[in-house]
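K.L.:
First the structure, which I've put down as structure tokens, then a few questions once you've had a look.
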2 protein chains.
Amino acid sequence: MPEESWKPPLVMVAVDIVILTLRASKLHVLLVERGIEPYLGELALPGGFLNNTEEDVLAAAHRELREEANLHGTRPHLEQLGAYGTPGRDPRGRIISVAYLAIAPSLPEPVAGTDAAGACWEPVAGILSGGMKLAFDHHQILADGVERARAKLEYTSLATAFCGETFTISELQQVYEAVWGVELDLRNFYRKVQGVAGFIAPVSTDRRTTKGRPARLFRAGGRTVLYPPLVRPNPLVADEEEQ
Amino acid sequence: MPEESWKPPLVMVAVDIVILTLRASKLHVLLVERGIEPYLGELALPGGFLNNTEEDVLAAAHRELREEANLHGTRPHLEQLGAYGTPGRDPRGRIISVAYLAIAPSLPEPVAGTDAAGACWEPVAGILSGGMKLAFDHHQILADGVERARAKLEYTSLATAFCGETFTISELQQVYEAVWGVELDLRNFYRKVQGVAGFIAPVSTDRRTTKGRPARLFRAGGRTVLYPPLVRPNPLVADEEEQ
DNA sequence: AGAATAGTGTCTGTTAGACAGTATACA
DNA sequence: TGTATACTGTCTAACAGACACTATTCT
């Protein structure tokens, strides 16, 4: 038990961000090549320490997001994943990292972040299957972030955060298929999506595509909680658990 | 941007725990009366600082759980809710609190925690409706914890964590009704619960109750992820949002 | 037999999944 | 009119919600 003059230990606080987007109909995450030790030269999630004792954690996440990804104008979705504070996760000392999940619309231009030297979009599938190692415990953080995104697609309008201001229904379907890693029936998807009140709202204009019939445009409806939810197909219930 | 000799700021790290249980068929949370400033004498979630620089955050949560609630033998469910790190949330300085959600079976005995002086179980409903103020940002943490529990009842076997080693189906139903704050149809509940493979497993013995036909006993089946999920009734979809 | 609690069975409207055809635009 | 893309309609099996009765124990 703490005595009278006992002082709590001091630790460093960092933020790390799982920035997800769609590129070429595949789920990608933004990674940076580390320019300093430890893990110099290896790939890691973008992030950094709090600037000062007064900086808000969420504000720090927003700042890192701005520095690393060049999201001109767009206000991406940003939510906290949790704190990762196992001793020894960073050889520099006791560091607690607050992880965030960000969802960005797929931008035509490549990364070209102002700050981080080698920033790149990497396909998530290859990393999760163990084909690529990340620094620190970032593999776990990424896995948690992807699982959060998959789950929230079911019962929130998070999918629209992957799209631009306006989008077509098949673009929205590609989001679900890429994040969930499944194929969905086109007709059932149309029916369900348009059946959830307030999920998507029609926009008068049509988008001219290369060929064929132009698709109708939609924007995110006001509703953020989807009811009834869009349930993902049975994941062949093998019993695995968190914690 | 940090320069060469820049050092990250140091902050204090605490853990706070939302310990939920069922008492008299109502959802309760464990609160303690603060014995020191700030918020001296007010009610707060149990918690405290890391013991030392080497203590794991999850281990600290387990330690606080052991100190505050006397859970003889039972291994309660414990999962992280997230980090709460807004500057100014604690007048003593910059403190980041990692919040945890714990679910404990309802014990017949009152609290009598070894450590905290005035620990008591308080009904959650009254607090959430604004009828009771908590110290710090603990009202928000409690609200997040309850919402997490409500959500996880749908698609995980979390409800069994509210029960003892063995339980009857109507006891399980009382968990759902208390946490969700709704009434469920008894017959549909029996059908659904027994339809989810691996959710509950029968135990040969019957429990002698006061009167009437003895109820069959079950224990938690191996499965932690429920498929199909037990969806809670439509919450009259009014559009509210987190973040 | 009555009281008290435990546990089924059925009916119906809705939904999910599977599937094939029609519509619109451009060359 | 051919091609390429966008969209819609139907059928069926399963499920959800509503509802009323039977079963077992003790006194």
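K.L.:
Got a number for residues in the stretch B:196-216 being farther than 17 Å from B:Cys163 by Cβ and more than 10 Å from DNA strand D (Cβ to nearest atom)?
P.N.:
Adding up the residues that qualify gives 2.
K.L.:
Could you tell me which residue of the stretch A:206-229 is farthest from the other protein chains (Cβ to nearest Cβ), considering only residues that are touching a Lys or Arg at 6+ places or on another chain (Cβ under 7 Å) and surrounded by fewer than 13 Cβ atoms within 10 Å (Cβ to Cβ)?
P.N.:
The extreme case among them is A:Pro214.
K.L.:
On to the next question. Considering only the stretch A:191-205, state which residues are surrounded by 14 or more Cβ atoms within 10 Å (Cβ to Cβ) and closer than 14 Å to A:Arg216 by Cβ.
P.N.:
A:Val193, A:Ile200, A:Val203
K.L.:
Within the stretch B:1-40, count every residue that is without any contact (Cβ under 8 Å) to a residue 24 or more places away in the chain and either surrounded by 21 or more Cβ atoms within 10 Å (Cβ to Cβ) or more than 14 Å from chain A (Cβ to nearest Cβ) (or both).
P.N.:
Start the filter on the stretch B:1-40 by keeping residues that are without any contact (Cβ under 8 Å) to a residue 24 or more places away in the chain, which leaves B:1-8, B:10, B:24, B:36-37, B:40.
With either surrounded by 21 or more Cβ atoms within 10 Å (Cβ to Cβ) or more than 14 Å from chain A (Cβ to nearest Cβ) (or both) added as a condition, the list becomes B:24, B:40.
Summing the residues that are without any contact (Cβ under 8 Å) to a residue 24 or more places away in the chain and either surrounded by 21 or more Cβ atoms within 10 Å (Cβ to Cβ) or more than 14 Å from chain A (Cβ to nearest Cβ) (or both) in the stretch B:1-40 gives 2.
K.L.:
Confirm whether A:Leu22 is touching a Lys or Arg at 6+ places or on another chain (Cβ under 6 Å), farther than 21 Å from A:Val98 by Cα and either outside the structural domain of A:Leu172 (by TED's automatic domain parsing) or part of a strand (DSSP E or B) (or both). Outline the logic, then answer.
P.N.:
Working: touching a Lys or Arg at 6+ places or on another chain (Cβ under 6 Å): no; farther than 21 Å from A:Val98 by Cα: yes; either outside the structural domain of A:Leu172 (by TED's automatic domain parsing) or part of a strand (DSSP E or B) (or both): yes.
When the stated conditions are applied, A:Leu22 does not pass them.
K.L.:
Now, a different point. Are there helices (runs of 4 or more DSSP H) fully within the stretch B:135-212 with at least 3 residues that are more than 15 Å from DNA strand C (Cβ to nearest atom) and touching a residue at least 40 places away in the same chain (Cβ under 8 Å)? List them. Step through it out loud before you land on a result.
P.N.:
Details: elements: B:138-155, B:169-180, B:186-195.
Fully inside the stretch B:135-212 and qualifying: B:138-155, B:169-180.
K.L.:
Considering only residues that are surrounded by 15 or more Cβ atoms within 10 Å (Cβ to Cβ) and closer than 23 Å to B:Asp90 by Cβ, which ones fall in the stretch B:116-131?
P.N.:
Hits for the stretch B:116-131 are B:Ala116, B:Ala119, B:Cys120, B:Glu122, B:Ile127, B:Leu128.
K.L.:
Of all residues in the stretch B:111-134, which are in a loop (DSSP other than H, G, I, E, B) and at pLDDT below 90?
P.N.:
B:Val111, B:Ala112, B:Gly113, B:Thr114, B:Asp115, B:Ala116, B:Ala117, B:Gly118
K.L.:
Next up: Of the residues that sit in the stretch B:160-188 and are within 16 Å of DNA strand D (Cβ to nearest atom) and polar (S, T, N, Q), which one is surrounded by the fewest Cβ atoms within 10 Å (Cβ to Cβ)?
P.N.:
B:Asn188
K.L.:
Just to check your reading of the model, which residue among A:Ala161, A:Ala135, A:Ala201 is hydrophobic (A, V, I, L, M, F, W, C) and not assigned by TED's automatic domain parsing to the domain that holds A:Tyr227?
P.N.:
Going through A:Ala161, A:Ala135, A:Ala201 in turn, the sole match is A:Ala135.
The values are calculated or read from the model by the stated rules, or taken from the named source; none is laboratory data. Being a predicted model, the structure only gives us computed values, none of them experimental. Every residue, glycine as well, gets a Cβ built from its backbone with ideal geometry; the counts of neighbours run over all protein chains shown.
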